[in-house]
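Take a look at the structure set out below.
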Amino acid sequence: MGNDLPVDQLDDCDPIKRNKDLGRMFAADDSTPLVADEPAYPCGLVAKSFFNDTFTLKNDAGVEIDINSDNIAWKSDVEYKFKNLPLAEAEWKKKQWHDVEDPHFIVWMRTAGLPNFRKLYGEISEDLKQGDY
């Protein structure tokens, strides 16, 4: 929710409370070293296990097909639950290890109620013709 909490208030995040628990060296800007004993933001095992693969779909002519991820997360999660620290973007990217407002991250963080589940990656709004992609 964008709250910068101290480590002693992160009991729900156990065992990933501190940056050193992440096994990650750098912040979201990919150049600022994370302070080992500072609170991990975001914290917790679900956040640490974030599926960060990317996909590109191209037709047989090599033209990229647009995969739109604008509306894949629940509106309530986007508006009320997942917020970066209340700092300018350049500053939170030096303190956080990931963009909490990334729609793919928000979808990942919504835990499934059953053991078999799917996570929406994006939407293809054009018709796909039969063929190789």
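Bear in mind these aren't lab numbers, they're just calculated from the coordinates by the rules spelled out. Everything numeric here is computed off the predicted structure, so don't read it as measured data. Here the Cβ is made from the backbone with ideal geometry for all residues, glycine too, and neighbour counts use every protein chain on show.
Using the reciprocal of the averaged 1/r over all distinct C-alpha pairs, how large is the Kirkwood radius of region 1-98 in Å?
15.3 Å
Quick one: putting +1 on the C-beta of Lys and Arg, -1 on the C-beta of Asp and Glu, what dipole do you get for the chain around its Cα centre, in Debye to the nearest 20?
Dipole magnitude for the chain comes out near 380 debye.
With N set to the residue count of region 54-127, report its C-alpha Rg divided by 2.2 N^0.38 Å to two decimal places.
Working it through for region 54-127, the quotient is 1.36.
Hey, fewest Cβ within 10 Å first, where do 74, 108, 97 land in order?
Placing the least packed residue first, the sequence is 74, 108, 97.
When the chain is modelled as a GNM with alpha-carbon springs shorter than 10 Å, which of 56, 111, 32 fluctuates the most?
Taking springs between Cα atoms under 10 Å, the residue moving most is 56.
What spacing in nm lies between the two simple spin-label points modelled at residue 119 and residue 81, each 7 Å away from Cα in the Cβ direction?
Those two pseudo-labels are separated by 1.3 nm.
Step through the table entries 93/119; 48/129; 20/119; 20/81, compare each Cα-Cα distance with 32 Å, and write down the pairs that go over it.
48/129
Have a look at 84, 69, 41 and report the one farthest towards the positive end of the charge dipole of region 7-109, computed about the Cα centre with Cβ charges (Lys/Arg +1, Asp/Glu -1).
Checking the options against the dipole of region 7-109, the answer is 41.
Starting from the amide H of residue 65, placed 1.01 Å from N in the peptide plane, find each other amide H under 5 Å away whose residue is 5 or more places distant or on another chain.
57, 58, 59
Along Cα→Cβ, 7 Å out, is where each label goes; now give me the distance between the ones at residue 37 and residue 58 in nm to one decimal.
About 5.0 nm, to one decimal.
Please build a GNM for the chain, connecting alpha carbons under 10 Å apart, and tell me which residue among 30, 77, 102 fluctuates the most.
Evaluated over the chain, the most mobile residue of the options is 30.
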